[in-house]
Amino acid sequence: MRVAVLKGGRSLEREVSLRSGANAEAALRRLGHEVLEVDVDQHLVRTLRAERPDAAFIALHGKGGEDGTVQELLEILEIPYTGPGVLACERAWDKVVAKAHFAAAGVATPPAYAFSQDAFRELGAGEAIPEIRDRLGLPLVVKPAKQGSALGVSVAREPGQVPAALMSALSYDDRVLLERFVPGRELAISVLGTSEPWALPVVEAIPLDRDFYDFEARYTPGLTDFVAPARLPDEIAEEAARLAITCFAALGCRGLSRVDMILDPDDRLWVLEINAIPGMTDTSLLPKAADAAGLGFDEVVERILAEAALGA
Amino acid sequence: MIATDHPEGDPTHQRTPPPRSRPPETTLRPIDSARYDARFASRAAGIVSSVMRDLMSLSERPQIISLAGGFPNTESFEREVFEEIVAAVSRDHLAAALQYGPTEGLAELRELIVEIMAHEGARAGVDDIMVTSGGQQAIDLSIRTFVDPGDTILAEGPTYPGAVPCFTTYEARVEHVPMDGDGLRVDLVEEALDRLGAEGRPPKLLYTIPNFHNPAGVTMSLERRERLIEIAHERELLIVEDNPYGQIRFEGDPLPSLWELDGGAGWVLYLSTFSKILAPGTRVGWVAAPAAVLRKMNLGKQAADLCSSTISQRLVIEYLRRYDWRDYVTRLNDIYRSRRDAMLRALEEEMPPEATWTRPTGGLFVWATLPSYIDTTDLLALASERHEVAFVPGRGAFLDGRGGDSMRLNFSGVPEAVIREGVRRLGLAVTEMTELHRALGGEV
């Protein structure tokens, strides 16, 4: 098969995407596919028209690649692509929208409020911060509504830290989410398939000496310990997989997505978000989950490619 | 046999390269990095990637105006001059230029370096000089030669961001000493020596850039230089004087170097480079130091690269023999002066009244400090995404997490009209942050 690997692009996660792309390309070559490397730029449509690949393997992260934009272009060009379709990408990309879908599907997600930058500038939303604090409690997680990889995310432990956390989050997106901080173990479940989605083993990320799994911990070997499969009682691992598949279906995902959740000290699972295009770097969770499943990364890449399709 | 018998060149040197296909990016499988984590040396484990670096890669986007670089202007070097010196190396020194050279550098180049230092009022002898692969290697060798893991060293705050990896690689504990408009606060150097001495960890050395500091843009006053040397002599403080920018002066008279003020007492190592007075692509720099120190540095350099590129050294020699390097520096300084003026004017017009910045009389950089409620790492995300302008956030110039309210702006590598537009965009980004801060109930 002639496969175009779409990578790089112009998002804040460009470097991570290049590393995901390189790993996907290497796997596709070993699988015997003809690989066309595409560092996404303003010539993307022209390049794809000229090359007419059989499928596009999307290794883009962040704005443009994960929010449905590139998917829409591929629909127009009629090139089947890996991962979720346009609408599912849009739902997953906006954490506020995704949380609404989780809640509607009966999945627990930490309570949160979301505001646009304009709410603070024009409606005086800043004065409502004390009420938000009272209802959600401290610490509060403040994050951009639309941004991958924990960029701009911070934890406000005291009331005085909330405005600075909002400033930071609003530097990355014009909408922010203030979310109750749920302490516990950080779990990630990759879901594959389309009509019958199935989950890879649960991976646990244990950040070393850090508040939460932030950008540096995510992409720097040695800052995070990964345990795959996570050491969990069977019933909890099964429940995590069931929830992940429920979320995957609730957003209308296909092919591949990764669901991030917290296991709190009372053994309750809280879904935080779903990543439409999970990372495939050496430090990413997907290759670890693939190994834990006994499949290996190449096999998982082949299955993701087999699900490449058009349509929402 | 004469050359014309082989119009295609020597048969052992075919003019047609063998056919090539584009190599794969990797042939390795995704490998669980845990197996290496357990083996990494502690100095390598301490080197982490950063949000900042990923943000910085954005500044390479075509439509972004980058004030983040540190690039000298290389476009004004004349092609004819370069061709002439390449031809001279090829004609007169080919075999030697292709050969290994002495670790300490070609003797002829060391003589020429002595002349260049003399022009700056820093008197040295040929045996005091070792050629290095850029000024960067001179920094690396200085730290490598003196710092054991856990040793304390002093450096300005902010310090040269490019020296930070050397400090972390050799696991130095860096104590930043603040600066003001007259450069390093020498009184605080004394205070740090007292305090660190009492804590049982006297600093091994002080790393300082006295002239047109990168990134701070300030120059150490004569009075402070004299006092610093007094302290060095009284308290036996070893000083690493990094002077890459001394010749990049737009006005005023040069101040004596610390090396000169030391008067040959051996408490100063002097580092410099051809990167700013000629071209960074040469990767030729040097260190001047006492013989006992050079002997150890020589061993360090043997481990690192045996010798600096002989081709490069020879090109520099042939250039210095034929041309007065000061003419080229004068031309560069004229360009940089206009660019600095354009940047200072634009900052005056576009920055909010609470912002402050340095007014460098030389070098390549302005250091700007914003109101403390603005974090310049976050500002870079906003500025590059929404306003298409980039800079270096201040945190990169500190090892202790400070610098969050500051930024480095480069003027040497950007034409004046682009500087004006870049600073205008920066002003928009800062205004956006300020308004947001006010909307969140903050005092402005």
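Overall shape: prolate for region A:59-203, with the ratio a/c of the largest to smallest alpha carbon gyration tensor axis at 1.5 or above and a/b above b/c. For chain B, a crude dipole built from +1 on the beta carbon of Lys and Arg and -1 on the beta carbon of Asp and Glu, taken about the Cα centre, is about 1080 debye to the nearest 20.
For the pairs A:Lys7/A:Lys95; A:Lys95/A:Lys288; A:Lys7/A:Lys146; A:Lys146/A:Lys288; A:Lys99/A:Lys146; A:Lys63/A:Lys99, flag any whose C-alpha to C-alpha distance is greater than 21 Å. Result: A:Lys7/A:Lys95; A:Lys95/A:Lys288; A:Lys146/A:Lys288 exceed 21 Å. For chain A, the membrane-span-like helix rule (DSSP H, alpha carbon extent of at least 20 Å along the helix axis, mean Kyte-Doolittle at least 0.0) picks out A:234-250; this says nothing about an actual membrane.
Dipole of the protein assembly as shown computed with +1 at Lys/Arg Cβ and -1 at Asp/Glu Cβ about the Cα centre; of B:Leu320, A:Gly311, B:Leu109, farthest Cα towards the positive end is A:Gly311. Equivalent ellipsoid of region B:79-322: semi-axes from √(5λ) of the C-alpha gyration tensor, largest first, are 32, 20, 15 Å. Relative to the compact-globule estimate of 2.2 N^0.38 Å, the Cα radius of gyration of chain A comes out at 0.98. Answer with one residue from B:Ala138, B:Gly183, B:Gly197: the one whose Cα lies farthest towards the positive end of the charge dipole of region B:116-245, charges on Cβ with Lys, Arg +1 and Asp, Glu -1. Checking the options against the dipole of region B:116-245, the answer is B:Ala138. Per-residue shielding of A:4-12, expressed as the average number of other chain Cβ atoms within 10 Å of the residue Cβ, stands at 2. If R0 is 41 Å, the Cβ-Cβ spacing of B:Glu199 and A:Asp225 corresponds to a FRET efficiency of close to 0.75. Calculation over all alpha carbon pairs of the protein assembly as shown in 20 angstrom steps from 0 returns a P(r) of 15, 41, 34, 9, 0 percent. Projecting the Cα atoms of B:Leu306, A:Val70, B:Ser257 onto the dipole axis of the protein assembly as shown, where Lys and Arg carry +1 and Asp and Glu carry -1 at the beta carbon, places A:Val70 farthest toward the positive end. Given +1 at the Cβ of Lys and Arg, -1 at the Cβ of Asp and Glu and no other charges, the dipole of region A:112-180 around its Cα centre is 240 debye to the nearest 20. Mean partner shielding of peptide B:371-379, defined as the number of other chain Cβ atoms within 10 Å of each residue Cβ, is 3.
Multiplying the residue separation of B:Val418 and B:Arg386 by 0.36 nm and removing their Cα-Cα distance gives an extension gain of 9.8 nm. Under a 10 Å cutoff between Cα atoms, tell me which one of B:Asn214, B:Asn73, B:Asn410 has the largest fluctuation in the Gaussian network model of chain B. The residue that fluctuates most here is B:Asn73. Backbone amide hydrogens, once placed in the peptide plane, bring B:Leu206 within less than 5 Å of B:Leu154, B:Leu238, B:Ile239, B:Val240, excluding anything fewer than 5 places away on its chain. For region B:57-147, the percent of C-alpha pairs falling in each 10 Å distance bin, counted from 0 to the bin holding the largest distance, reads 12, 25, 36, 21, 7.
If you wrap region A:112-180's Cα atoms in a convex hull and average its projection over all directions, what's the area in nm²?
Mean projected area of the Cα convex hull: 3.8 nm².
Most simply put, region A:1-114 has about 0% antiparallel DSSP beta bridges, counting only bridges with both residues inside it. If you bin all the Cα-Cα distances of chain B at 10 Å, starting from zero, the percentages per bin are 4, 18, 27, 26, 17, 6, 2, 0, 0. For B:Lys276, a cut-off of 28 angstrom between C-alpha atoms picks up these lysines, skipping any fewer than 8 places away in its own chain: B:Lys296, B:Lys301. Normalised Debye scattering of region B:387-435 at q = 0.28 Å⁻¹ gives log10 I(q)/I(0) of -1.06, counting only Cα atoms as equal scatterers and leaving out solvent.
Got a sec? Which residues in region A:164-182 would a label at A:Asp264 touch, if it sits 7 Å along Cα→Cβ and we count backbone N under 13 Å? Within reach of a label on A:Asp264, which here means backbone N under 13 Å from a point 7 Å along Cα→Cβ, region A:164-182 contributes A:180-182. Taking the Cα centre of the protein assembly as shown as origin and assigning +1 to Lys and Arg Cβ atoms and -1 to Asp and Glu Cβ atoms, the resulting dipole is close to 920 debye.
Comparing mean-square fluctuations of A:Gly65, A:Gly106, A:Gly255 from a GNM of chain A with C-alpha springs under 10 Å, the top value falls on A:Gly106. Share of pairwise Cα-Cα distances greater than 19 Å in region A:2-83 is 28 percent (whole percent). Looking at region B:145-267 alone, DSSP beta bridges between its own residues are antiparallel in about 15 percent of cases. Within the listed set B:His176, B:His387, B:His93, the residue fluctuating most in the Gaussian network model of chain B (springs between alpha-carbon atoms under 10 angstrom) is B:His93.
Each reported figure results from applying straightforward, stated rules to the coordinates on display, with no laboratory input. Every value quoted in this text rests on a predicted model; they were computed, and no experiment measured them. In this analysis, Cβ positions are derived from the backbone assuming ideal geometry, glycine residues included, and neighbour counts consider all displayed protein chains.
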